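What follows is a short report on a single structure.
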Amino acid sequence: MKRPYQKPTILKLQVGFLREKKSSLSRMVRQEIDGVPVAELAEKFGSPLFVFSEKRLREQFRYLKRLFEGHYPRVEFSWSYKTNYLDAICRIFHQEGATAEVVSNFEYEKARRLGVPGDQIVFNGPYKPKEILRQAVLEGARINVDSLDEILDLEEIARETGEKLRIGLRVNMDTGIYPRWDRFGFNLESGEVLNVARRIAAGGRLEVVGLHCHQGTFILEPEAYGRAAEKLVDLSQKLENDFGWTIEYLDLGGGFPSRNRLKGLYLPPEVAVPPLSEYAEKIARALLTRLPAGDYPLLILETGRALVDEAGFLITTVRALKRLPDGRRAYILDAGVNLLFTAFWYHFRVEVEREIPGPPEPCVLYGPLCMNIDVVEESALLPPLARGTRLVLSPVGAYNVTQWMQFITYRPRVVLVTENGNAEVIREAETLEDIVRREKIPEHLK
Amino acid sequence: MKLKRLAISEEGFVFDPETGNSYTVNETGLLILKKLREGLSLEEIAEIMNEEYGISREEALRDIQDFLEAMARFGLWEEKYG
């Protein structure tokens, strides 16, 4: 019997990189989250497990608020519900002074249920069902109009109430970034906004008091916000002069990045993602140089990702090991793209719960789904892991616990590590009963 | 000959004292390195690989040349052999 043949290989070892104690590899170890050991969290609450840090949430909010207030006198942060609408997370931001930014009936109702008054809600989104739109009007929400049909709906509601309604206009425009999100609101360059404004003025039932734009997501160009702010100021002055309205707020939307690693970017986020202070400066410069002194409309920011992403972690466990035909190692984790929707766009930081000996080698991290697309990371660099090893993926605080799917398996618990170091469940794991509760079996199938 | 200066362990760890660089070779790579140091020709090594693993001499020779090219890229192989 001949021995199996392997083609001869020689690999150069990056000695300094491998052996140096303070190398980036030792930073790939995360033993605790805000002082609570990863092992303890997983043993107590199970794996996989989403973990949020209250300390990080509050610190990031305070930092951003002070940063922008240091540049411009009137700033309001409106918490983007779609980014993460877990009650506990929203509560933290509302306690810190954020209003609510919602885009649907569900989100509006969730904010109201949490005790947010209507006049502390910014209502965006391309489809606002008539009923909820009426409720929002009556409760004094800031409504940013997305389409002409919505204007017709609002005019009808205004007829019912007999009062003139105050609305905001959503505007899309060229700020020099690609792709251009031109589906929200009315286009500036084509003159659509002014046509709509003329139509609103002629109707006599609505009054424009705010302008809103949302340029996109994970925008790495601070100057784009400066250009957006300039264009909105110019537009507001035109509207004030032509129609006699007073523009009380300029809402620059969201899209501010977190330190996550966008796929296709070669550089690490510490280098590729501009500091948020640059965004604050570009926006404030555009506003302060164009606005008449003393006349400062409220600046509204709908930061979601930049506030929450880096406060979220996912603890997951290696459940099986494989060797792929091309020689790479592969690991099957208990969390996949069902929980990590953002894995399609970002390379997460992958950390191991403890120091593991052995040279790091490229490997693939698969989730537990029986689907080829269930890849958490195509190419992680990890030492040989044993079954049962826990990994910590981050940042995962934005969009994952809203866009996760109940697919093939249950969704796990979410815990919050509080400021005094307690871990508290903020969402229970799903059970079979949760999932089948809404199903019905017709009589003849029983 | 550069090859003589390399420190080669039984596990396939290769150290070049001249540059301080380290390398790992797999089992087949280790076999080739050892036989080269013993002064065998490429054809003789291919013959051994044929006996050990049952691959053809042609394939063995091609893989040896591939391997030597990789060695040359690391500056570990300079001489034209055989």
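The values are calculated or read from the model by the stated rules, or taken from the named source; none is laboratory data. Since the structure is predicted, the reported quantities are computational estimates derived from the model, not experimental observations. We place every Cβ from the backbone using ideal geometry, glycine too, and count neighbours over all the protein chains shown.
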Q: Would you point out the residue of region B:1-30, among those that are part of a helix (DSSP H, G or I) and within 16 Å of A:Tyr5 (Cβ to Cβ), that is modelled with the highest pLDDT?
A: B:Leu30
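Residues being crowded, with 23+ Cβ neighbours inside 10 Å and either in a strand (DSSP E or B) or not assigned by TED's automatic domain parsing to the domain that holds A:Pro368 (or both): count how many of those fall in region A:323-344. Before the answer, list the steps.
The first filter runs over region A:323-344 and keeps only residues crowded, with 23+ Cβ neighbours inside 10 Å, leaving A:331, A:333, A:335-336, A:339-340, A:343.
Retained after the next criterion (residues that are either in a strand (DSSP E or B) or not assigned by TED's automatic domain parsing to the domain that holds A:Pro368 (or both)): A:331, A:333.
Total satisfying the criteria: 2.
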Q: Mind telling me which of the residues A:Leu152, A:Leu114, A:Leu148 ends up being at pLDDT 95 or above, surrounded by fewer than 18 Cβ atoms within 10 Å (Cβ to Cβ) and over 26 Å from A:Asn172 (Cα atoms)?
A: A:Leu114
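Residue-wise test of (1) under 14 Å from A:Glu302 (Cβ atoms); (2) surrounded by fewer than 24 Cβ atoms within 10 Å (Cβ to Cβ).
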position	(1), (2)
A:Glu43	no, yes
A:Leu49	no, no
A:Ser53	no, yes
A:Gln60	no, yes
A:Ser80	yes, no
A:Val103	yes, yes
A:Glu109	no, yes
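Just checking, does region A:189-205 include any residue being assigned to a strand (DSSP E or B), in contact with a strand residue (DSSP E or B) (Cβ under 9 Å, 6 or more places away or on another chain) and either closer than 26 Å to A:Phe218 by Cβ or in contact (Cβ under 8 Å) with a residue 12 or more places away in the chain (or both)? Write out each step before concluding.
Just the residues of region A:189-205 that are assigned to a strand (DSSP E or B), to begin with: none.
Within region A:189-205, not a single residue is assigned to a strand (DSSP E or B), in contact with a strand residue (DSSP E or B) (Cβ under 9 Å, 6 or more places away or on another chain) and either closer than 26 Å to A:Phe218 by Cβ or in contact (Cβ under 8 Å) with a residue 12 or more places away in the chain (or both).
To keep it simple, each residue is scored yes or no on (1) among the β-branched types (Val, Ile, Thr); (2) under 17 Å from A:Ile332 (Cβ atoms).
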{"residue": "A:Asp374", "(1), (2)": "no, yes"}
{"residue": "A:Pro384", "(1), (2)": "no, yes"}
{"residue": "A:Gly397", "(1), (2)": "no, no"}
{"residue": "A:Arg411", "(1), (2)": "no, no"}
{"residue": "A:Gly421", "(1), (2)": "no, no"}
{"residue": "A:Ile435", "(1), (2)": "yes, no"}
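Out of the strands (runs of 3 or more DSSP E) lying entirely within region A:350-446, which hold 1 or more residues that are at pLDDT below 95?
A:361-366, A:375-382
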Q) Which condition does A:Arg27 not pass, out of (1) surrounded by 14 or more Cβ atoms within 10 Å (Cβ to Cβ); (2) part of a helix (DSSP H, G or I); (3) modelled with pLDDT under 95, if it passes all the others? A) (1)
Q: Examine region B:31-54 for a residue that is modelled with pLDDT under 90, assigned to a helix (DSSP H, G or I), within 8 Å of chain A (Cβ to nearest Cβ) and under 14 Å from A:Thr9 (Cβ atoms), and state whether such a residue exists.
A: no
Q. B:Leu61 is checked against (1) at pLDDT 85 or above; (2) more than 9 Å from chain A (Cβ to nearest Cβ); (3) in a helix (DSSP H, G or I); (4) loosely packed, with under 14 Cβ neighbours inside 10 Å and fails just one. What number does that condition carry?
A. (4)
Q | Failed criterion for A:Ile167 (all others in (1) touching a Gly at 6+ places or on another chain (Cβ under 7 Å); (2) modelled with pLDDT of 95 or more hold) | A | (1)
(Q) For region A:386-422, which positions are among the aliphatic types (A, V, I, L, M) and buried (at least 18 other Cβ atoms within 10 Å of the Cβ)? (A) A:Leu391, A:Val392, A:Leu393, A:Val396, A:Ala398, A:Val401, A:Val414, A:Val415, A:Leu416, A:Val417
Q. Mind checking which residues of region A:266-300 are acidic (Asp, Glu) and modelled with pLDDT under 95?
A. A:Glu270, A:Asp295
